[in-house]
1. Select from segment 19-60 the residues that are loosely packed, with under 10 Cβ neighbours inside 10 Å and of a type in the set (Ser, Thr, Tyr) and list them in ascending order.
2. Under 9 Å between Cβ atoms, at least 6 apart or on separate chains: pull out the pairs that start in segment 1-23 with a residue that is closer than 19 Å to ILE46 by Cβ and end on any residue that is part of a helix (DSSP H, G or I) and of a type outside the set (A, V, I, L, M, F, W, C).
Amino acid sequence: MNIQTLSLIISDTLRAATPLILAALGELVTEKSGVLNLGVEGMMLIGAVAGFGEPFCPTH
């Protein structure tokens, strides 16, 4: 395994993990402020479904 392959694996892993990292950081800030939010996974799921379905919706 050369350095280019290793670099590609690391960059792809970080790119795929970015939504989870952002959701975890948002939940961390919310928990630190004293608000308990149990719907982070649901919000991520609805966002993914909406992002996937948006191109199929007719526009005016």
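Please treat every number below as a calculation from the coordinates, not as lab data. Please read all numbers here as calculations on a predicted model, not as lab measurements. Neighbour counts run over all protein chains shown; Cβ positions are idealised from the backbone, glycine included.
1. Those that are loosely packed, with under 10 Cβ neighbours inside 10 Å and of a type in the set (Ser, Thr, Tyr): SER33, THR59.
2. Every condition considered, the pairs that remain are PRO19/GLY47; ALA23/GLU41.
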